[in-house]
1. Going through segment 122-177 one residue at a time, which ones are within 24 Å of W86 (Cβ to Cβ), among the hydrophobic types (A, V, I, L, M, F, W, C) and not in a loop (DSSP other than H, G, I, E, B)?
2. Can you tell me which residue within segment 61-78, out of those that are of a type outside the set (A, V, I, L, M, F, W, C) and within 12 Å of G144 (Cα to Cα), is surrounded by the fewest Cβ atoms within 10 Å (Cβ to Cβ)?
3. Can you give me the number of residues within segment 52-61 that are among the β-branched types (V, I, T) and at pLDDT 95 or above?
4. For segment 48-60, indicate whether the set of residues that are in contact with a helix residue (DSSP H, G or I) (Cβ under 7 Å, 6 or more places away or on another chain), in the same structural domain as A137 (by TED's automatic domain parsing) and either surrounded by fewer than 18 Cβ atoms within 10 Å (Cβ to Cβ) or part of a strand (DSSP E or B) (or both) is non-empty.
5. Let me confirm something: among L43, L6, which residue is in a helix (DSSP H, G or I) and either on the phi < 0 side of the Ramachandran plot or in the same structural domain as D141 (by TED's automatic domain parsing) (or both)?
6. Determine, yes or no, whether Y90 is touching a residue at least 40 places away in the same chain (Cβ under 8 Å), under 18 Å from the mean Cα position of the chain (by Cα) and in the same structural domain as Y130 (by TED's automatic domain parsing).
Amino acid sequence: MTGRLLILLMLVSALAVGAGVWYAQVYAYYEEPSLEEAGGVVLTDGETGEVREIPVEFFQAIDSDSSPIRFRACFDLGERVDAVAWAAPYEGAQPLVAPGWFDCFDAGALDAALSDGGATAYLGVGDIHYGIDRVVAVAPDGKGWMWHQINRCGAAVFDGGAPPDGCPPPPEGTARQGAAPN
């Protein structure tokens, strides 16, 4: 009888730990910042490099201090779809999956829209954190999305290598500054 009780206790403990880890990953660390707290919806001008804010409606966002790439947002431009024509395009945009409960951001559908021309990606802010860009995508109907994506500088440095040519030096403690790749 003691063996069965011990096994039952181990199973209950394993389930409790599993539930805790799942909750931490899906819900615990996310906050829902306001438009102002998120820094607004900003785009980088393709000609001047100036960062400009655009007015939006129906803004929703999630973010977390636990990782710089957990930011996701959805918004609507209303009838001002041409308000982004001056923005710098973003090559290689790949939206990251959001938690299921943040249902305005469907990374799979957005990725398909970016691939087939149903949405266009723009540079919001380059290096919003070292090696991380804020990407903004807009569909012809005015729906928009934002997320953070690792750029080429971050990809190299976060893997332990040296920053590629043209990249700023990484901040202290980011990785092995100036180290040759393994």
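The values are calculated or read from the model by the stated rules, or taken from the named source; none is laboratory data. The shown structure was predicted, so the numbers you read here are calculated from the model rather than taken from an experiment. Every residue, glycine as well, gets a Cβ built from its backbone with ideal geometry; the counts of neighbours run over all protein chains shown.
1. Those that are within 24 Å of W86 (Cβ to Cβ), among the hydrophobic types (A, V, I, L, M, F, W, C) and not in a loop (DSSP other than H, G, I, E, B): L123, V125, I128, I132, V135, V136, A137, V138, W145, M146, W147.
2. Initially, segment 61-78 is screened for residues of a type outside the set (A, V, I, L, M, F, W, C), giving 63-68, 70, 72, 76, 78.
Still in the list and also within 12 Å of G144 (Cα to Cα): 72, 76, 78.
Details: R72: 24, D76: 19, G78: 12.
That would be G78.
3. Step one: list which residues in segment 52-61 are among the β-branched types (V, I, T), which gives 54, 56.
If we keep only those that are at pLDDT 95 or above too, we end up with none.
Number satisfying all stated conditions: 0.
4. Keep residues of segment 48-60 that are in contact with a helix residue (DSSP H, G or I) (Cβ under 7 Å, 6 or more places away or on another chain), which gives 54.
Filter once more, so that each one left must be in the same structural domain as A137 (by TED's automatic domain parsing): 54.
Within this subset, residues satisfying the condition of being either surrounded by fewer than 18 Cβ atoms within 10 Å (Cβ to Cβ) or part of a strand (DSSP E or B) (or both) are 54.
Yes, some residue in segment 48-60 is in contact with a helix residue (DSSP H, G or I) (Cβ under 7 Å, 6 or more places away or on another chain), in the same structural domain as A137 (by TED's automatic domain parsing) and either surrounded by fewer than 18 Cβ atoms within 10 Å (Cβ to Cβ) or part of a strand (DSSP E or B) (or both).
5. Details: L43 fails: in a helix (DSSP H, G or I).
Just a single option satisfies the conditions, and that option is L6.
6. On the way: touching a residue at least 40 places away in the same chain (Cβ under 8 Å): yes; under 18 Å from the mean Cα position of the chain (by Cα): yes; in the same structural domain as Y130 (by TED's automatic domain parsing): yes.
Answer is yes for this residue.
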